Amino acid sequence: MTIAQEVAQSLLEIKAVALRPNDPFTWASGMKSPIYCDNRLTISYPEVRNLICKGLVQLIQKNYPEAEVIAGTATAGIPHAAWVADKLNLPLIYVRSKPKDHGQGKQVEGVLKPGQKVVVIDDLISTGQSVLGAVKAVQNADAEVVGVAGIFSYQLPSATKNFADAQIEFDTVTNYSILIEEAKKQNYVNDEELAILKKWRS
């Protein structure tokens, strides 16, 4: 079993991912979706978070070996970024969703030097807009973002377009396609529900 499949299975087991093909969730954007993902739950399960960390480390070593700094998005990306930075023995920074409204008004916290190569870690990629906001903050601090790494992607076409427009590469440890196949294997969904899930994705 690949790490992508193992992580997908773990997300289902700890109920970080809920699938409701016949009774869709409504996301904050108003979109109706048969899946809801809350990767914040993963931090409470040492085995799961270690597996995710291993997946992120492998992904970064393979795709972004030139990384000099690991950045976590506030707040869900921070713990995973911390574990990854520790494993890779690299500096850690984190990026607020918006600049502080007091003190020095910083958006990027930690030590970031101009020209340093950064990988930004987020827990979940839906449209990519929030993490691309963090990417912009790092770029505004005169550093170079070599890529984005996440735990899970819904594989929405809008994400592919947004990252392409921003000229930023991204990859995730696991994704929607892998997860729904694992859900079927583990009997979380039946054939009919799997068909609904595939149709939503396309």
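For the chain, give the percent of accessible area contributed by carbon and sulfur heavy atoms, probe 1.4 Å, rounded to a whole number.
48
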>> Accessible area per residue for the chain in Å², computed with a 1.4 Å probe and the full protein assembly in place, what is it?
In response: 51
> Under the rule of -39500 (n - 2.57) per DSSP H run of 4 or more residues, summed and divided by the residues of the chain, what mean residue ellipticity at 222 nm is obtained, to the nearest 500 deg cm²/dmol?
Replying inline: -13000 deg cm²/dmol
> Taking amide H positions as placed 1.01 Å from N in the peptide plane, with prolines and chain starts having none, which residues 5 or more places from I121, or on another chain, fall under 5 Å of its amide H?
Replying inline: A71, G72, T73, A149
> Roughly how many nanometres apart are two label points built 7 Å out from the Cα toward the Cβ at L90 and E66?
Replying inline: 1.2
>> So if I take the alpha carbon set of the chain, get Rg, then get Rh from the Kirkwood formula, what is the Rg over Rh ratio?
In response: 0.98
> Each residue of the range 49-61 in turn: what ³J(HN,Hα) in whole Hz from Karplus with 6.51, -1.76, 1.60 and θ = phi - 60°, glycine and Pro shown as x?
Replying inline: 5, 5, 5, 4, 4, 4, x, 5, 4, 4, 4, 5, 4
> Counting Lys and Arg as +1 and Asp and Glu as -1, what is the net charge of the other residues whose Cβ lies under 15 Å from the Cβ of G115?
Replying inline: -2
> Reachable lysines from K62, Cα under 25 Å, same-chain residues fewer than 8 places away excluded?
Replying inline: K54, K87, K113, K117, K136, K161
> P(r) of the range 30-141 in 5 Å steps, Cα pairs, percent per bin?
Replying inline: 2, 11, 21, 22, 20, 12, 7, 3, 0
> With charges set only on the Cβ (+1 for Lys and Arg, -1 for Asp and Glu), what does the dipole of the chain come to about its Cα centre, in debye to the nearest 20?
Replying inline: 300
>> Test of understanding: what is the full-extension gain from S177 to F25, defined as 0.36 nm times their sequence separation minus their Cα-Cα distance?
In response: 52.9 nm
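Ranked from highest to lowest mean number of other Cβ atoms within 10 Å per residue, what is the order of the peptides 109-118, 143-152, 168-177?
143-152, 168-177, 109-118
The values are calculated or read from the model by the stated rules, or taken from the named source; none is laboratory data. Bear in mind the structure is a predicted one, so any value in this text is a computation, not a measurement. Methodologically, a virtual Cβ is constructed for each residue, glycine included, from the backbone with ideal geometry; neighbour enumeration extends over all protein chains shown. When the accessible area is computed, the model is the full protein with side chains, heavy atoms only, and any ligands, DNA or RNA have been set aside. Shrake-Rupley method; radii C 1.70, N 1.55, O 1.52, S 1.80 Å.
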